[in-house]
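Q: Please see the structure below; I have some questions.
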Amino acid sequence: MNPFELHIPTRLFFGKEKADEFFEQLPTYGSKLLLVIGGGSVRKLGYLDQVKEHLAKKDIELVLFEGIEANPHSETINKAAQIGKSEDVDFVLALGGGSVMDASKAIAGLIHDDLDDIWPYTVGGPKYRQIKGALPVACIPTTAATASEVTAHAVISNPEVKGKSPVSYPFMKPSASWLNPAFHTSLPKTTTRDGASDILSHVFENYLLGGSDSDLADRYSEGVMETVMDTLPKLDLDPENEHLRGQMLWASTMALNGMQIAGREPAPFTLHNLEHALSGQNPDLAHGRGLAILYPAYFRWLLNHDRAVDRMALLAKRLFGISDGSQKENALSFITHFEGWLKQNHLYERLSDQGISPEAFGSVADYAINIYGGGKDELAAAGPLTRENIIEIFEMTEQQKPEAEMA
Ligand code: NZQ
Ligand code: ZN
């Protein structure tokens, strides 16, 4: 086992029955809050009214900010923080998906430090790591995807510079989160699939590159993978099933809370770095969709370069019961079986299907390396991943014909 530190300060409430306990907690953060929502789905679905009713019972004054985009824009975050400052709010409540939760953490930091613009504080920016604190944040996630309800991260987009980059501080970890599967039955199929793909990435990344020193991290991660892979097709048939929504929601929270890597070697978040550069290029690209497109090409690239072969072979055994070939054969079996799952769940396609044409591959690779390369001319993926390698991976995705075109 490798040494590790684990800090999970978020008070978690799971289930619609836990509403009272969650809202009971909020007055401990203050008496006036900024309630942050996205483009309006939670208003239309009635979730906002339900939350307002609970807040009214607790005598908490609320200021509403509506309009956080999917892949939240820095400018919108700045505007919300301005309102929070002028209204002198004590804390921030996020009601929405990862974009709303991430925006809320950034807003909480801007208000606390009395800052105007979040973008310079993101990775690669001139003020990276200079935020000193944040107001308390509470979250009600309405997607099963990012685990933002427990993480220290807030991923910010800046379409003006085609950028997407995180801020990340322990003090931005939410103080409390209410996981209510009843708020998930409305999720469209595409958002559900994209979310599932994101959850998988949070357990795949370190599994592949973080070595084999923690048996429990392996088994734990495999448990998350199996739950997601088993639940997604069922949800496709039965999207309003709260039991299944709960399975997916809990898997998402568990996939990025630190336990999934505890005891392994620290390893780069390579797929995330690549995907953030892609969503920066096209802000309409959902994070989980971008990851799904990268998986087959990235896994095959690793195999072709003799990297993480033992780990992919282990996944073949643990996820698909395949162990009779050589390590390389088994690793390939993992990839083909996983591709089958992606196809079955409408997650198998090309970057060009999502509006990123091959002409853009070079500039996306440059962005990934500049922002996430830590001053080197490459990313890391169990060894160097150069600009040419990244472009090669992007080009490989163009072989991934969606089923509609296979007929
Ligand atoms: O904007 P609204 O109207 O709320 O609609 C949203 C949005 O269009 C809709 N939606 C959310 N909940 C719904 C719903 N529609 C119907 N019923 C519901 N219950 O879904 C759309 C997508 O929402 P979004 O929040 O963008 O999705 P997701 O949760 O996947 O968040 C993605 C963002 O999180 C970042 C991503 O990079 C991306 O910016 N990530 C954050 C992480 C973290 N904080 O730790 C880690 C992740 O790896 C990820 O990078
Ligand atoms: Zn992710």
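Q: Just checking, which of LEU64, LEU93 is within 16 Å of ligand 1 (Cβ to nearest atom), open to solvent by 40 Å² or more (accessible area, probe 1.4 Å) and in a strand (DSSP E or B)?
A: After ruling out the rest, the residue left standing is LEU64.
Residues are listed down the side, and each one gets a yes or a no for (1) near ligand 1 (Cβ under 10 Å from one of its atoms); (2) buried (at least 17 other Cβ atoms within 10 Å of the Cβ); (3) not β-branched (Val, Ile, Thr):
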site: VAL123; (1), (2), (3): no, yes, no
site: LYS127; (1), (2), (3): no, no, yes
site: ALA134; (1), (2), (3): no, yes, yes
site: MET172; (1), (2), (3): yes, yes, yes
site: SER175; (1), (2), (3): no, yes, yes
site: THR185; (1), (2), (3): yes, no, no
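Q: Among the numbered conditions (1) open to solvent by less than 30 Å² (accessible area, probe 1.4 Å); (2) more than 9 Å from ligand 1 (Cβ to nearest atom); (3) not in a helix (DSSP H, G or I), tell me where LEU256 comes up short.
A: Only one criterion in (1) open to solvent by less than 30 Å² (accessible area, probe 1.4 Å); (2) more than 9 Å from ligand 1 (Cβ to nearest atom); (3) not in a helix (DSSP H, G or I) is unmet by LEU256, namely (2).
Q: Is there any pair with a first residue in segment 251-275 that is in contact (Cβ under 8 Å) with a residue 40 or more places away in the chain and within 14 Å of ligand 2 (Cβ to nearest atom) and a second that is open to solvent by less than 20 Å² (accessible area, probe 1.4 Å) and among the aromatic types (Phe, Trp, Tyr) whose Cβ atoms are under 7 Å apart and which are 6 or more apart or on different chains, and what are they?
A: LEU271/TYR298
Q: Right, here's the next one. Taking the options ASP49, ASP117, name whichever one is assigned to a loop (DSSP other than H, G, I, E, B), open to solvent by 20 Å² or more (accessible area, probe 1.4 Å) and out of contact with any Phe, Trp or Tyr (no Cβ under 8 Å at 6 or more places or on another chain).
A: Every option except ASP117 fails the conditions.
Q: As an exercise: evaluate ILE199 against (1) outside the structural domain of GLY258 (by TED's automatic domain parsing); (2) over 20 Å from GLY40 (Cα atoms); (3) open to solvent by less than 10 Å² (accessible area, probe 1.4 Å); (4) not hydroxyl-bearing (Ser, Thr, Tyr) and give the number of the one condition it does not meet.
A: Checking ILE199 against (1) outside the structural domain of GLY258 (by TED's automatic domain parsing); (2) over 20 Å from GLY40 (Cα atoms); (3) open to solvent by less than 10 Å² (accessible area, probe 1.4 Å); (4) not hydroxyl-bearing (Ser, Thr, Tyr), the one that fails is (1).
Q: State all residues of segment 372-391 that are of a type in the set (A, V, I, L, M, F, W, C) and either within 19 Å of PRO266 (Cβ to Cβ) or assigned by TED's automatic domain parsing to the domain that holds VAL123 (or both); if no residue qualifies, say none.
A: LEU379, ALA380, ALA381, ALA382, LEU385
Q: Looking at segment 67-90, which of its residues are within 16 Å of ligand 2 (Cβ to nearest atom), open to solvent by less than 50 Å² (accessible area, probe 1.4 Å) and over 21 Å from LYS173 (Cβ atoms)?
A: ASN71 - this is the single residue of segment 67-90 that is within 16 Å of ligand 2 (Cβ to nearest atom), open to solvent by less than 50 Å² (accessible area, probe 1.4 Å) and over 21 Å from LYS173 (Cβ atoms).
Q: Right, something else. Tell me yes or no: at least one residue of segment 335-356 is more than 30 Å from THR227 (Cα to Cα) and either without any contact (Cβ under 8 Å) to a residue 24 or more places away in the chain or among the β-branched types (Val, Ile, Thr) (or both).
A: Yes, the conditions are met somewhere in segment 335-356.
Q: For residues that are out of contact with any Lys or Arg (no Cβ under 8 Å at 6 or more places or on another chain) and in contact (Cβ under 8 Å) with a residue 24 or more places away in the chain, scanning just segment 21-30, find the one that is nearest to MET172 (Cα to Cα).
A: TYR29
Q: Could I ask something else about it? Quick check on this structure: which one of LYS58, LYS105 is open to solvent by 20 Å² or more (accessible area, probe 1.4 Å) and either away from ligand 2 (no atom under 16 Å from the Cβ) or not assigned by TED's automatic domain parsing to the domain that holds VAL203 (or both)?
A: That would be LYS58, the only listed residue that is open to solvent by 20 Å² or more (accessible area, probe 1.4 Å) and either away from ligand 2 (no atom under 16 Å from the Cβ) or not assigned by TED's automatic domain parsing to the domain that holds VAL203 (or both).
The values are calculated or read from the model by the stated rules, or taken from the named source; none is laboratory data. For clarity, every value in this text was computed on a predicted model and none was experimentally measured. Backbone-built Cβ (ideal geometry, glycine too); neighbour counts: all protein chains shown. Protein only, heavy atoms only, side chains kept; ligands, DNA and RNA dropped before computing areas. Shrake-Rupley method; radii C 1.70, N 1.55, O 1.52, S 1.80 Å.
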